[in-house]
Each structure stands twice: as C-alpha cells, then as structure tokens.
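Following: one structure in structure tokens, then a few remarks.
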C-alpha cells in the first residue's frame, strides 16, 4: 500500500498533523540550545502548531462523509477536538520553558490558544463549505500571518506582539481580541445547520 493511498483513505491526515507538531518540537529543541533566538523561534513554534491545526479538517471524500448518520455537526465537533493535539504541544513547550526563558506562561498560553483555535475554526468553516482539503492552503497562510509581524516590526521598529519578557496592556488586548474572534469562528463552524 503506497503512502499516498494511505493518506487518502484516512479521515485526518495524521502525518501532516504530527509532522507539524514534530517540527514544533524540533524548534523547541533549538530554542533550548539558543535561548537568545526566542523572539524568532517562539513565533516559529506557534506557526508550526497553528499549521498542524489546519490539517485536522482535511477529508478527501468530504461530500460522502458529510452525510454521515450522526450528522455534520457531530463530525465537525469531533474534528475540532483533534486540534487539542497541536494545542497540547504548544502548552508543553510553554510549560517546559526551553532555555530557561522568563516566559509569561499565561500570556503565551493565550497566544497559542487564540492562534490555534482560530486556524482550526477557519479550517472547520472551510469544511462546512465542502472544501475537502483546506489544510495545505491554510497552513501556508497561517505561517505567513504568524511570522510576518516579526518582519514588519523589524522594519518599522514597533513593539512586538510576541514579547519574550513581559506582556503590556496592548498585547493583552490584541490577543484577547484574536481569542474572541477564534471563539466566534469556531462556534460558527460547529453550529447546527443544513450545510455539511
């Protein structure tokens, strides 16, 4: 049985999810070795975990699966629960504090929860619109969206939305708004309705 056939026959592409989570673990190992690079490596770990959450809704035969006896709402809710895997990887990295960084665990947990829930919710909305494999496209967009503030901040000299040592009020407000948007998107994705 070829790897491609195996991938198509599975509902959740575990290789993509676990591959992104393994990349996050590798980046955490690099962070432990070079803690001075935390300003770049922590967002890269976040991008890997958020990208993993986008692959949770990849289903090649989405129109066939959409008519399951339990219903589309149950299917989307069960898939959304699988996003706990990359969220668990993110929380493990934050709790481990690689390189003995002075991370604000509550703030970084909020960042991960907001980003991962938002991307999983967007993938769920795509699945609701019968997009069979939103993961590849969404993963690229999410990685770019998570990493681009680093580049913009470097050019414009703005405060980072990924503070390593302390969270200011504006950062809390920004990530709270993102978390609120993530909750709305996720609830919209799993709400009952006619659409698959």
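What the table shows:
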quantity	calculated
Count of residues meeting criterion [out of contact with any helix residue (DSSP H, G or I) (no Cβ under 6 Å at 6 or more places or on another chain) and under 13 Å from residue 96 (Cα atoms)] in the range 18-36	2
Among the candidates 191, 169, residue that is closer than 16 Å to residue 57 by Cβ, out of contact with any helix residue (DSSP H, G or I) (no Cβ under 6 Å at 6 or more places or on another chain) and surrounded by fewer than 17 Cβ atoms within 10 Å (Cβ to Cβ)	191
Cβ-Cβ under 8 Å pairs, at least 6 apart or on other chains, the range 14-36 side on the phi < 0 side of the Ramachandran plot and outside any helix (DSSP H, G or I), far side at pLDDT 90 or above and buried (at least 16 other Cβ atoms within 10 Å of the Cβ)	34/41
Residues that are more than 19 Å from residue 50 (Cα to Cα) and either outside any loop (DSSP other than H, G, I, E, B) or within 11 Å of the chain's Cα centre (by Cα) (or both), drawn from the range 126-142	128
Residue list for the range 90-116, filter: over 19 Å from the mean Cα position of the chain (by Cα), in a helix (DSSP H, G or I) and buried (at least 17 other Cβ atoms within 10 Å of the Cβ)	98, 99
Matching entry among 120, 133 (being crowded, with 17+ Cβ neighbours inside 10 Å and under 19 Å from residue 90 (Cβ atoms))	120
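Here is a yes/no grid of residues against (1) within 19 Å of residue 82 (Cα to Cα); (2) at pLDDT below 90:
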| site | (1), (2) |
| --- | --- |
| 104 | no, yes |
| 110 | yes, no |
| 144 | no, no |
| 147 | no, no |
| 159 | no, yes |
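The values are calculated or read from the model by the stated rules, or taken from the named source; none is laboratory data. Bear in mind that the values here come from a model prediction, so they are computed numbers and not experimental data. Glycine gets a Cβ as well: all are built from the backbone with ideal geometry, and neighbour counts include every protein chain shown.
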